[in-house]
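The values are calculated or read from the model by the stated rules, or taken from the named source; none is laboratory data. Please read all numbers here as calculations on a predicted model, not as lab measurements. Note that each Cβ is placed from the backbone with ideal geometry, even for glycine, and that neighbours are counted across all protein chains shown.
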Amino acid sequence: MSQPKICVIGLGYIGLPTSAIFATHGCKVIGVDVNEKIVNALNKGEITIEEPYLDIMVQAAVRSGNLIADTKPHEADAFIIAVPTPVTKDKKADMSYVVAATEAIVPYLRKGNMVILESTSPPGTVEELMVPILQKSGLKIGEELYVGHSPERVLPGKILWELVHNNRIIGGVNRVSAEKIRDLYKIFVNGEIYLTDVRTAEMCKVVENTFRDVNIALANELARICERMGINVWEVIELANKHPRVNIHQPGPGVGGHCLAVDPWFIVEKVPDLAKIIELSRKTNDSMPQHVLNRIDEILKDVEGVRRVSILGITYKPNIDDVRESPVIELIELMEKRGDYEIRVYDPYVKAHKYKAKDLIEVAEGSDLVVLAVHHDCFKHLPLDDMAKVMRNRNIFDTRNFLSKEEVESKGFRYILLGNGASR
Ligand code: SAJ
């Protein structure tokens with residue numbers, strides 16, 4: 001296949017960069033999305049998500065004529081499905097987008113095509129959900145239509161670099177499917193490509209994020225234990241990690257994003273009687289915003305009347321604009337339900353929020369407590385002198401071990417660190 005034609009269904013955080021990268025490597029790419037705004041923007045060379053350098057790459061791809069967008073699929077050599085797989089309120093995978101995308105491509109499938117699921121999905125999705133739909137094409141799966149899973153593993157903020165350099169796992173419904181799909185991704189992947197069966201690939205992807213979620217749950221549980229025992233968890237983790245085979249992650253106000261807070265549920269859903277640690281870890285991390293609120297209550301127990309709290313950062317992790325599943329948003333909702341808090345937030349990455357102040361001084365005005373919720377680089381050196389002047393009570397609650405205790409205290413603030421029983 002010299003210049004393969006690829007149809008990418010879903011132009012979000014994964015589908016759009018993947019389309020752009022194939023297109024800038026000489027492939028003809030049709031990006032498909034049900035959202036006309038995204039399609040129209042892309043055809044003008046504009047992008048609808050924030051990701052470093054993606055705008056430049058998309059412009060180049062569109063200008064070269066190799067990348068076009070449409071609301072309907074086209075005939076192609078390969079079809080890549082990169083649509084959302086969210087969890088519902090009762091923690092079950094919502095596979096409706098995968099089903100709709102698979103059904104949408106059936107009329108365009110021809111002998112020799114590939115169909116690749118990139119979306120993170122519960123193990124079994126390709127064989128149990130997609131294959132029965134794809135069979136409607138009349139093509140023999142694994143012989144005339146090559147089918148598999150090639151999970152994305154990129155980190156938001158570093159997507160373009162990681163797409164090329166990360167190792168990839170490719171699982172096929174049979175060996176030849178995996179090999180055909182590997183040859184396609186080799187067009188731009190520099191990392192190793194490991195082949196396996198489709199269920200193992202699906203499981204690997206959710207296990208990777210589950211590993212991280214369980215590890216963070218351990219850190220969060222330790223934070224609470226250390227608070228009770230008068231110990232500083234951050235020092236414990238730092239020193240324990242000096243052991244050559246220990247790597248405990250960092251505690252914090254909770255786990256957000258569309259991956260770690262979601263993917264472990266895909267395992268729990270399939271085997272609820274066995275996935276005990278996984279489920280407990282999810283619940284432990286989900287309970288952190290309430291724990292942060294309990295600590296805020298405790299810090300402000302002597303303040304009478306409405307207590308004013310200034311929250312710095314509302315995204316799910318630092319230096320990005322993404323608020324999906326952010327534990328800080330959850331914290332704000334818990335505070336709203338209580339009704340005795342006046343909330344103000346400041347996050348330079350987020351354009352609009354109902355409590356948004358215009359800067360670090362405005363957010364601190366009349367406040368009883370500043371909560372450092374997200375460790376954006378720009379919060380490293382706060383204008384503490386000016387903030388101190390406008391605050392009612394000088395308290396700083398650092399949920400990320402990000403600020404310098406000495407510096408904060410030298411400006412007349414009380415410094416409280418999440419997970420540090422010694423600072424209580
Ligand atoms: N967090 C902690 N403590 C830590 C590390 C992270 O509380 O020690 C929190 C962060 O604050 C954030 C959440 O975890 O709220 C998730 O952040 P993250 O940076 O760990 O991960 P994501 O969700 O941005 O991206 C992950 C990555 N997976 C792994 O590192 C195993 C990425 O490679 C995947 O491609 C992505 O999920 C995905 O799409 O599945």
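Miscellaneous remarks
- Highlighted here are the helices (runs of 4 or more DSSP H) found entirely within region 350-424 that include at least 3 residues which are over 30 Å from the mean Cα position of the chain (by Cα) and at pLDDT 95 or above: 384-390, 405-410.
- Against the list (1) within 16 Å of the ligand (Cβ to nearest atom); (2) in contact (Cβ under 8 Å) with a residue 12 or more places away in the chain, the condition Glu235 fails is (2).
- Answer residue from region 88-102, given it is in contact (Cβ under 8 Å) with a residue 12 or more places away in the chain and in a loop (DSSP other than H, G, I, E, B) and is surrounded by the fewest Cβ atoms within 10 Å (Cβ to Cβ) among those: Lys92
- Screening region 215-227 for residues that are buried (at least 20 other Cβ atoms within 10 Å of the Cβ) and farther than 21 Å from Ser423 by Cβ and picking the one that is farthest from the ligand (Cβ to nearest atom) gives Ala217.
- Looking only at residues of region 299-345 that are among the small types (Gly, Ala, Ser) and within 11 Å of the ligand (Cβ to nearest atom), we find that the one that is surrounded by the fewest Cβ atoms within 10 Å (Cβ to Cβ) is Ser326.
- Residues (assigned to a loop (DSSP other than H, G, I, E, B) and either more than 25 Å from Thr120 (Cα to Cα) or over 20 Å from the mean Cα position of the chain (by Cα) (or both)) located in region 15-60: Thr24, His25, Gly26, Cys27, Asp33, Val34, Asn35, Lys44, Gly45, Glu46
- Any hit, region 239-247, residues being within 11 Å of the ligand (Cβ to nearest atom) and assigned to a helix (DSSP H, G or I): no
- If you check Asn247, Asn319, Asn294, Asn285 for being within 30 Å of Glu208 (Cα to Cα), free of Cβ contacts under 8 Å to residues at least 40 places away in the same chain and either in contact with a helix residue (DSSP H, G or I) (Cβ under 7 Å, 6 or more places away or on another chain) or in the same structural domain as Ile396 (by TED's automatic domain parsing) (or both), only one passes: Asn247.
- Failed condition for Ala201, given (1) without any contact (Cβ under 8 Å) to a residue 40 or more places away in the chain; (2) of a type in the set (Gly, Ala, Ser); (3) surrounded by 22 or more Cβ atoms within 10 Å (Cβ to Cβ): (1)
- Scanning region 318-348 for residues that are under 16 Å from the mean Cα position of the chain (by Cα) and assigned to a loop (DSSP other than H, G, I, E, B) returns Pro318, Asn319, Ile320, Asp321, Asp322, Val323, Arg324, Glu325, Ser326.
- Of all residues in region 259-298, those that are hydrophobic (A, V, I, L, M, F, W, C), farther than 20 Å from Ser326 by Cα and either outside any loop (DSSP other than H, G, I, E, B) or within 16 Å of the ligand (Cβ to nearest atom) (or both) total 3.
- Going through (1) assigned by TED's automatic domain parsing to the domain that holds Glu298; (2) at negative phi; (3) more than 16 Å from the ligand (Cβ to nearest atom) one by one, Gly230 falls short only on (2).
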